[in-house]
Amino acid sequence: MVPAGSVSWDVYANPVTLYIGGIAAVLLELAEPRVRHGVWDHSSFKRDPGRRLRRTGMAAMITVYGARSVFEATAARVNRMHAQIRGTTPEGIAYAADDPELLLWVQATATWSFLEAYGRYARPVSAVDRDRYFAESSAGAALYGVAAPPVSRAEVDALFAAMTPRLGPSPILYEFLAVLRDAPLMPRPLRPLQRLGIRAAVDLVPAGLRQRIGLAGCPALGAGERHLLRGLARTAERIQLPSSPRCQAERRVGPAPRPDLHAIGKDPVRFVA
């Protein structure tokens, strides 16, 4: 869906920043009461957060790297699932997962969080490339039912400002973080990195929003921890496994210029159709 050489191809290729950004995106989504209960009451996050995060991540990969036929089929399946999700929050507010306003918030928080994590830990992204990145997401967002996604950083900032009064704290945010900390997302020896990434995700949320949604008391990252995460993200920036979605897409459409990228070994294509 997104052409080779795009900013999105770089951002979505980094597993370290995708992990951090993906968790931050869910925190921002869960801060909106209707999205919070639509997600928490109708998904498998509580039972199997690893599987749920992998499914969400794969959908994002298909949006960027997949053949259009694969992406259209994925989007249609997700849209059918959303059409079945209806409910009412404990405050009596009705919600529907295919509400255009809620779809817009979910799409915007995900794209913002992935870019923010990438720019913080992998490499700086210029203002021009940030706007390019948001514009690149519009075609994919449309197939998920987002009629007018933000196509620039200024439009994203305006959306965040408009949505901020609707965001608020909830015990579900802390439950989500606790579930992630204890879930076997990574092998046991790497569990400290798993928890570090979760803390980095909380830290990624803008300070004012952290305060508003009740996460201001979470411990801040130290300088050494930030340095470690940057080292991991920049290593991931230089090395791509051949089974990664980006490498598979490059075998399908041809490689984009990327002098600092090194693929290791050989592996059959499994990602694109």
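Taken together, the values in this text are just the output of simple stated rules run on the coordinates, not laboratory data. Every value quoted in this text rests on a predicted model; they were computed, and no experiment measured them. All Cβ positions, glycine included, derive from the backbone under ideal geometry; neighbour counts span all protein chains shown.
Quick notes on this structure:
- Gain on full stretching of the segment that runs from ASP182 to ARG77 - 0.36 nm per residue minus C-alpha separation: 34.8 nm
- Taking amide hydrogens as placed 1.01 Å from N in the peptide plane, the amide H of GLY87 sits under 5 Å from those of TYR95, each at least 5 positions away in sequence or on another chain.
- Difference of contour (0.36 nm per residue) and Cα-Cα distance, VAL253 to THR89: 54.5 nm
- Calculated P(r) of the range 18-121 - Cα pairs past 20 Å, %: 41 percent
- Amide proton proximity set for GLN240, modelled H, under 5 Å, gap of 5+: HIS262, ALA263, ILE264
- Charge dipole (debye, nearest 20) of the chain; +1 at Cβ of Lys and Arg, -1 at Cβ of Asp and Glu: 880 debye
- Neighbour counting of Cβ atoms within 10 Å sorts the residues MET163, MET61, MET186, fewest neighbours leading, into MET186, MET163, MET61.
- Sorted by Cβ neighbour density within 10 Å, fewest at the top, the residues LEU204, LEU190: LEU190, LEU204
- Paramagnetic reach from ARG226 (point 7 Å along Cα→Cβ, amide N under 17 Å) across the range 104-143: 116-125
- Ranked HIS227, HIS42, criterion: other C-beta atoms within 10 Å, fewest first: HIS227, HIS42
- Projecting the Cα atoms of SER6, PRO184, VAL39 onto the charge dipole of the chain, computed from C-beta unit charges around the Cα centre, puts PRO184 farthest toward the positive end.
- Two-decimal log10 I(q)/I(0) for the chain, as the Debye equation yields it once each C-alpha is a single scatterer, q = 0.14 Å⁻¹: -1.03
- Computed across the range 86-162, the Kirkwood radius stands at 13.5 Å (inverse of mean 1/r, all Cα pairs).
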